[in-house]
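Just below is one structure, and these are the notes that go with it.
The values are calculated or read from the model by the stated rules, or taken from the named source; none is laboratory data. Since we're looking at a predicted model, the values are computed, not measured. Heads up, the Cβs are rebuilt from the backbone with ideal geometry, glycines too, and the neighbour counts pull from every protein chain shown.
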Amino acid sequence: MKLKINNLSKKYSNGIQALDNVNLEIENGMFGLLGPNGAGKSTLMRIIATLQDADSGNITFENINVLEQKNEVKKVLGYLPQEFGFYPKDKAYDLFDHFTMLKGITNKLQRKIKVEELLRKVNLWDKRNIKIGEFSGGMKQRLGIAQALLGNPKLIIVDEPTAGLDPAERNRFHNLLSEIGEDIIVILSTHIVDDVSDLCENMAIINNGKIILEAKTLDSLNSLKGKIWEKEISKHDKRSYDEQYDVLSDRLFAGKTFIRIYNDVHPNNGFLPAEVTLEDVYFFHLTDIN
Ligand code: ADP
């Protein structure tokens, strides 16, 4: 399966160029679309999901012209938006019984089989008779995934999924995504670098509406191998390091400030070699170092 995006552009009426000539090729498995807030991720996801129109360019999925054949897209698409409205008084079972009815399963027993399969998959079968209003953020996300999986989609779009989840919920959600991602395309759109490094074999970075990197995740890490260095510094010295080095990031760890820099060769001056992380890749491409 292949999703091809060619020369896609979108400008909002306020003059913001949300997408600027985007080209991407996405194959089976999990694909991470990574970028800061305002980069254009949601705009791209909404256009692929046929919820919004582009100004120019085209998208194909298998033999479907995505921008023109919206009904065909809807048949194969599962979309999990940033926020979805569930009625808080509904119970998960009743809601999915209703959804499966809308999908055309009129036989009650068949619906039960389908609803049970879905709710078990997202580990909510035990909670089927609890009101959704009482669900945690993570449970609601998993319910969203169950909804996205309803029609056995071939393409699933997940927009900013783990914001607001606690670590255990995030883990559970990751495991669930990685299980469904093998023989269909799952696009994960996020500003959370770890979500992409944990889950996605392929990825792209978008900034100001432009794709600035498209790569296999491991290749992108290897490309910076031996060039990332770390040092603990006094936070008062941060500015002078910023001036002297290509600083990718700084972080506090146990009350101490650590900086990470990009340098082709060992910079000496107390820096130690560091294992490349996807965050290094992300900042390397977002800043004008490269
Ligand atoms: P992301 O999902 O990466 O945060 P978005 O696609 O939501 O980015 O937004 C990309 C840019 O387009 C931002 O500058 C945003 O303010 C702008 N934008 C998004 N939606 C609209 C809209 N409906 N009208 C005008 N500008 C918008």
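Output the helices (runs of 4 or more DSSP H) that fall wholly within region 187-290 and possess 2 or more residues being closer than 20 Å to ASN23 by Cβ and out of contact with any Ser or Thr (no Cβ under 8 Å at 6 or more places or on another chain), or say none.
Working: elements: 193-199, 217-222, 238-244, 278-286.
Once the helices (runs of 4 or more DSSP H) in region 187-290 are filtered for at least 2 residues that are closer than 20 Å to ASN23 by Cβ and out of contact with any Ser or Thr (no Cβ under 8 Å at 6 or more places or on another chain), what remains is 217-222, 278-286.
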Open item on the list: What are the pairs with Cβ atoms under 8 angstrom where one residue, in region 6-24, is over 22 Å from ASN65 (Cα atoms) and the other, located anywhere, is modelled with pLDDT of 95 or more and within 11 Å of the ligand (Cβ to nearest atom)? Sequence gap at least six, or different chains.
Closed with: TYR12/ALA18; GLN17/LYS10; GLN17/LYS11; GLN17/ASN208; GLN17/GLY209
Task: Residue that is surrounded by 13 or more Cβ atoms within 10 Å (Cβ to Cβ), among the hydroxyl-bearing types (Ser, Thr, Tyr), in contact (Cβ under 8 Å) with a residue 12 or more places away in the chain and more than 14 Å from LYS154 (Cβ to Cβ), where the choices are THR100, THR60 - done: THR100
Open item on the list: Restricting to region 1-18, name every residue that is more than 8 Å from the ligand (Cβ to nearest atom) and either within 18 Å of ILE187 (Cβ to Cβ) or aromatic (Phe, Trp, Tyr) (or both).
Closed with: MET1, LYS2, LEU3, LYS4, ILE5, ASN6, LEU8, LYS10
Task: The listed residue being assigned by TED's automatic domain parsing to the domain that holds LEU188, touching a Phe, Trp or Tyr at 6+ places or on another chain (Cβ under 8 Å) and farther than 25 Å from LEU218 by Cα, out of ALA54, ALA18 - done: ALA18
Open item on the list: What are the pairs with Cβ atoms under 7 angstrom where one residue, in region 109-120, is in contact (Cβ under 8 Å) with a residue 24 or more places away in the chain and under 17 Å from LYS140 (Cα atoms) and the other, located anywhere, is surrounded by 13 or more Cβ atoms within 10 Å (Cβ to Cβ) and not aliphatic (A, V, I, L, M)? Sequence gap at least six, or different chains.
Closed with: LEU118/PHE96; LEU119/PHE96; LEU119/TRP125; LEU119/ARG128
TODO: Report yes if some residue within region 29-51 is more than 8 Å from the ligand (Cβ to nearest atom), closer than 21 Å to LEU155 by Cα, assigned to a loop (DSSP other than H, G, I, E, B) and more than 15 Å from the chain's Cα centre (by Cα); otherwise report no.
DONE: yes
Open item on the list: What's the total number of residues in region 190-206 that are modelled with pLDDT under 95, surrounded by 21 or more Cβ atoms within 10 Å (Cβ to Cβ), of a type outside the set (Val, Ile, Thr) and within 15 Å of the ligand (Cβ to nearest atom)?
Closed with: 1
Task: In region 110-146, residue surrounded by the fewest Cβ atoms within 10 Å (Cβ to Cβ) [restricted to those that are polar (S, T, N, Q) and not in a loop (DSSP other than H, G, I, E, B)] - done: GLN110
